[in-house]
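The values are calculated or read from the model by the stated rules, or taken from the named source; none is laboratory data. Here the structure is a predicted model, which is why all the values come from computation and not from measurement. Positions of Cβ are generated from backbone atoms using ideal geometry, with glycine treated the same way; all protein chains shown enter the neighbour counts.
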C-alpha cells in the first residue's frame with residue numbers, strides 16, 4: 001500500500017511540475033490542455049474507486065498504474081467482475097498487456113485500451129478494445145482452474 005501511495009504522490013508532483021513549467025515559459029494554453037488531460041485520466045480512474053470492494057479497487061488501480069508503465073492507457077468500461085480474485089491470481093489484465101507489449105505489431109506507445117469483463121461460472125472473459133486501431137478487439141479467457 002505504501003508503494004502505491006508513493007507512486008501516486010510522485011505522479012502528482014510530476015503533473016504539478018509540468019503545469020508550472022508551462023506557466024514559467026509563458027504557455028498557459030498548454031498548461032490548461034495538460035490539466036484537462038490529467039483531469040480526464042483522473043475521471044477514468046473514478047470508476048475503479050466506485051467498486052464496492054476497496055480491495056478490488058486497489059487491485060484494479062494498481063493494474064492501471066502498471067499498465068501505464070508499459071505504455072498502455074487502460075480504461076475500464078465496467079468493473080462488474082465479481083470474480084476479481086481470479087484476475088488477481090493470474091495478474092490480469094497486466095499479464096495479457098505484457099504479452100501484447102512483447103509483440104511489436106501489437107504495441108504502440110500510449111495505446112488506449114478499453115477493457116470490459118464478463119463473468120460466468122467458469123471464469124472471466126476480458127474484452128480488450130483498441131480504439132486507435134480501428135476498434136481492434138481481443139477476447140481473453142481467464143478460467144477458475
### Summary
Residue count, region 12-56, condition touching a helix residue (DSSP H, G or I) at 6+ places or on another chain (Cβ under 8 Å) and farther than 27 Å from residue 83 by Cβ, comes to 11
#### Entry: The listed residue being assigned to a strand (DSSP E or B), over 14 Å from the mean Cα position of the chain (by Cα) and surrounded by 16 or more Cβ atoms within 10 Å (Cβ to Cβ), out of 137, 113, 142
142
### Task
Looking only at region 37-54, count how many residues are over 17 Å from residue 11 (Cβ atoms), without any contact (Cβ under 8 Å) to a residue 12 or more places away in the chain and assigned to a helix (DSSP H, G or I).
1
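Would you check which residues across region 117-134 are in a loop (DSSP other than H, G, I, E, B) and within 19 Å of residue 84 (Cα to Cα) and list them?
Hits for region 117-134 are 121, 122.
For every residue, the table says whether it meets (1) surrounded by 13 or more Cβ atoms within 10 Å (Cβ to Cβ); (2) under 25 Å from residue 132 (Cβ atoms).
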| site | (1), (2) |
| --- | --- |
| 4 | no, no |
| 20 | no, no |
| 30 | yes, yes |
| 43 | no, yes |
| 53 | yes, no |
| 59 | yes, no |
| 65 | yes, yes |
| 72 | yes, yes |
| 79 | yes, yes |
### Task
Pick out the one residue from 115, 79 that is closer than 27 Å to residue 3 by Cβ and at pLDDT 85 or above.
115
### Query
Looking at (1) in a helix (DSSP H, G or I); (2) within 13 Å of the chain's Cα centre (by Cα), which is the one condition that is false for residue 34?
(2)
### Task
Can you tell me which residue among 79, 74, 97 is assigned to a loop (DSSP other than H, G, I, E, B), on the phi < 0 side of the Ramachandran plot and within 13 Å of the chain's Cα centre (by Cα)?
79
